[in-house]
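I have placed the structure first, in the form of structure tokens, so that the comments after it can refer back to it.
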Amino acid sequence: MDYKQAGVDIEEGYRAVAQYRELAAATASSAVLNSIGSFAGMFSLKEFLRAGEGMEDPVLVSGTDGVGTKLDIAFKMKKYDTVGIDCVAMCVNDVLCHGAKPLFFLDYLACGKLDADIAADMVKGVATGCRETGSVLLGGETAEMPGFYDEGKYDIAGFAVGIADRKKIIDGKKINENDVLLGLASSGPHSNGFSLIRKAVPDLNEDFGGMPIGLALLEPTRLYVKPILALMNEVEIRGMANITGGGFYENVPRMFPQAPSGGFAFDAVIRDPLAPSYRGGWKVPPIFARIAAGAAGRKEIGASAQKAGEDLLRNDAAIKKLMFNTYNMGIGFVIALAPEQVSKAASFLESKGFPCWEIGKAAVGKGEVRFE
């Protein structure tokens, strides 16, 4: 028995790497000293220093994450070219929360049986995410693991490294009581809560506004790097939160400073977008109402499910808490600002194509999220 008979096709791996090499080359810069296919990626220290030019104390900031069970939607819809964007976004949006500029990214792709074209489609998304955030696809690993992963199933995860000046690191210590929380629009569920979504929306071909809902669910995670890094030159951002798994309740308090007694020093007081009295611009996107209906066990589909979900979000406290504790509900990234800088920040972000709304404020507390 040879390796191919055992389930690992080396030639298919070579074919995949050849496609990766072209994709990675499109993200490369003078800092990259070798190409995909080497044993390790090399990034010039001189370029590190150049990236940190003007910084008194350059600090490397790293993050790692995966795409999770959103991948199952991609397999069933046979659409593989967006989940790589999710993989990059989940990492670089986290690194961004501390004011770091992403420099390079590495990915890990695993499967039961390698199809070079599918793998290349997934890495194509990674390369797109890298280009859109000004980072380099420096390297990665493709592991074919027959008998461990089912044939046709893939997993993808990544690792990002960025750079920030120590004195400019954003850690929430400058947040004051009554600082405003400005929320940037998401593109959908991003890459969180899909284990619940897969139960709540069993038919991916269900109509959703004229398209299969499976395609709507594959809308890639929004990349906030470029507008936020540019905004940092315009206003003082005092805290940032990437709204990922755990939704509002887990992620918003993470931007706040630690209290001397432990926990966090502030609560997030959020203006409830579902309250009858709410007059702000934040509207919970329809996809979340559809998920809420399924999560509550409702059997309606299409527009009827969406309507049922809207009613549940307004009238069922348990479902509403579940949704805000799992999903971003239309707000993918939150920044904390002094009240006098909110108008300037909002205008700047809108001009870059990133809708945003004043969603709440910081109040003395212990790290809770309160809706009012």
> Hey, what's the chain come to in accessible area per residue, 1.4 Å probe, Å²?
Replying inline: 45 Å²
> Using alpha-carbon positions, what is the distance between the centroids of the range 178-202 and the range 305-326, in Å?
Replying inline: 13 Å
> Using a cut-off of 17 Å between alpha-carbon atoms, which aspartates and glutamates can reach Lys168, once sequence neighbours fewer than 8 places away in the same chain are excluded?
Replying inline: Glu53, Glu56, Asp57, Asp94, Glu234, Glu236
>> Let me make sure I get this right: for the range 3-168, a, b and c are the square roots of the gyration tensor eigenvalues over alpha carbons, sorted descending. Under 1.5 in a/c it's rounded, otherwise prolate if a/b > b/c, else oblate. Which is it?
In response: prolate
> Ranked highest first by the average count of other Cβ atoms within 10 Å around their residues, in what order do 34-40, 108-114 fall?
Replying inline: 108-114, 34-40
>> How would the chain be classified by its alpha-carbon gyration tensor: rounded, prolate or oblate, with rounded meaning a/c under 1.5 and the a/b versus b/c comparison settling the rest?
In response: oblate
> Taking amide hydrogens as modeled 1.01 Å from N in the peptide plane, which residues meet the under 5 Å criterion relative to Leu114, leaving out close sequence neighbours?
Replying inline: Asp9
>> Give me the one-decimal Kirkwood hydrodynamic radius in Å for the range 189-263, with the sum taken over alpha-carbon pairs.
In response: 15.5 Å
> Looking only at Cα atoms, what is the convex hull volume of the range 69-123 per residue, in Å³?
Replying inline: 88 Å³
> Which order, highest average first, do 258-264, 166-172 follow once you tally other Cβ atoms within 10 Å for each residue and take the mean per peptide?
Replying inline: 166-172, 258-264
> What part of the accessible area of the chain, given as a whole %, is carbon or sulfur when the probe is 1.4 angstrom?
Replying inline: 51 percent
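Within the set of other residues whose C-beta is less than 13 Å from the C-beta of Val284, count the net charge using Lys and Arg as +1 and Asp and Glu as -1.
That sum, taken over residues with Cβ under 13 Å, equals +2.
Convex hull over the alpha-carbon atoms of the range 139-190: what's its volume per residue in Å³?
Taking the convex hull of the Cα positions in the range 139-190, it is 198 Å³ per residue.
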> Over the Cα atoms of the range 256-300, what is the Rg over Rh ratio if Rh follows Kirkwood?
Replying inline: 1.20
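Net charge near Gly134: determine it from the other residues with C-beta under 14 Å of the C-beta of Gly134, scoring Lys and Arg +1 and Asp and Glu -1.
On the way: positive: Arg50, Lys101, Arg131, Lys226; negative: Glu47, Glu132.
Counting the neighbours of Gly134, the net charge comes to +2.
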> What FRET efficiency would be calculated for the residue pair Glu132, Ser261, taking the C-beta separation as r and a Förster radius of 30 Å, to the nearest 0.05?
Replying inline: 0.10
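Take each complete run of DSSP H in the chain, measure how far its Cα atoms stretch along the helix's own axis, and keep only those covering 24 Å or more with mean Kyte-Doolittle hydropathy at least -1.0; list them.
Those that pass (Cα extent of 24 Å or more, hydropathy at least -1.0) are 116-133.
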>> Just want the answer: with Cβ charges of +1 for Lys and Arg and -1 for Asp and Glu, which residue in Val123, Val161, Gly139 is farthest toward the dipole's positive end in the range 86-166?
In response: Val161
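If you take the C-alpha gyration tensor of the range 179-371, multiply each eigenvalue by 5 and take the square root, what semi-axes do you get, largest first, in whole Å?
Values for the range 179-371, descending: 29, 19, 14 Å.
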> Local charge sum around Met90 (other residues, Cβ-Cβ under 12 Å, Lys/Arg +1, Asp/Glu -1)?
Replying inline: -2
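The values are calculated or read from the model by the stated rules, or taken from the named source; none is laboratory data. Just so it is clear, the model here is predicted, and its values are computed rather than measured. Every residue, glycine among them, receives a Cβ derived from its backbone with ideal geometry; neighbour counts consider all protein chains shown. Surface accessibility is based on the protein's heavy atoms, side chains included, excluding ligands, DNA and RNA. Shrake-Rupley method; radii C 1.70, N 1.55, O 1.52, S 1.80 Å.
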